[in-house]
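Asker: Let me give you the structure first, and then I'll get to my questions.
Computed from the coordinates by the stated procedures, all read-outs in this text should not be read as laboratory data. Keep in mind it's a predicted model, so treat the numbers as computed, not measured. A quick note on method: Cβ atoms are made from the backbone with ideal geometry, for glycine too, and the neighbour counts reach across all protein chains shown.
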Amino acid sequence: MLYLFCAILSGAVLAAICRPLFRKDDALESAIIEETEWDVLQRKKEVILGNIQDLDFEYKCGKLSEEDYKHVRAEMGGEAAAVLHDIDSIESTQDLDALIRREVLARLKQPVLRKQTAPSCGQTNPVTNKFCAECGAGLRS
C-alpha cells in the first residue's frame, strides 16, 4: 500500500513538473508571429556590423594577419551587402507606414535620457555623470 501511494505521489509530482513543457502558450506564439522578416533582417544586420567592428579591432591589435583580415572582411562585407539589399527590397514592397508606426512605438517605449550642461565648457552630459566627459568639471546634480 505504501509503495502504491509513493508511486502515485511521484507520478503526480512528475506530471506537475512536466506540464509547462507541453502546454501551449498563446502569448509566446503571438510574440513569435509578430516578428517579421524585416525584424529578423534588422537583427542580422546589427550582428554582422558588430562582427565587422570586432574584426577590425582584432586586426588593429595584431591578432590577425593582413591576408586573413582581408579575406574575412570581404566575406562579412558580402553578407552585410546581401542583408542590406534584402532590407531595401522589403521596405520598397511593404507598407512603410506600418514600419514607421512600429518604429515610433518602439522609440516611445525607450526611457528619455535627461541631459545637463557643464558650466565651464557648455558640453551636454547625461544626468548620471558627476563630472563633465569633456573638461572634467564637476556637474551639479
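Asker: For the chain, what percent of Cα pairs sit more than 17 Å apart? Write out the running numbers ahead of the final one.
Answerer: Values: 7800 of 9870 pairs.
For the chain, the fraction of Cα-Cα distances above 17 Å is 79 percent.
Asker: For the pair Arg140 and Glu58, what calculated FRET efficiency results from E = 1/(1 + (r/R0)^6), where r is the Cβ-Cβ distance and R0 = 30 Å, to the nearest 0.05?
Answerer: Calculated value: 0.10.
Asker: Would you mind calculating the relative contact order of the chain from Cα pairs under 8 angstrom and at least 6 residues apart, reporting the percent as a whole number? Please list the in-between numbers first.
Answerer: On the way: 66 pairs, mean separation 17.7, N = 141.
Relative CO of the chain lands at 13 percent.
Asker: Then there is this: Per 0.36 nm of contour for each residue apart, how much would the distance between Tyr69 and Lys130 grow if the chain were fully extended, relative to their Cα-Cα spacing? Could the numbers behind the result be given before it?
Answerer: Working: separation 61, 0.36 × 61 = 21.96 nm, distance 4.06 nm.
Extending this stretch completely gives an extra 17.9 nm.
Asker: Give, in nm to one decimal, the length gained when the segment between Lys44 and Lys115 is fully stretched (0.36 nm per residue of separation minus the Cα-Cα distance).
Answerer: In short, 22.4 nm is gained.
Asker: Here's something else I'd like to know. Using 7 Å Cα-to-Cβ label points, what is the Leu14/Glu103 separation (nm, one decimal)?
Answerer: Distance between label points: 5.4 nm.
Asker: Can you give me the relative contact order of the stretch 35-101 as a percent, contacts being Cα pairs under 8 Å and 6 or more apart?
Answerer: 45
Asker: Rg to Rh ratio, the stretch 35-101, alpha-carbon atoms and Kirkwood radius? It would help to have the intermediate numbers written out before the result.
Answerer: Working: Rg = 15.2 Å, Rh = 13.3 Å.
Rg/Rh for the stretch 35-101 comes to 1.14.
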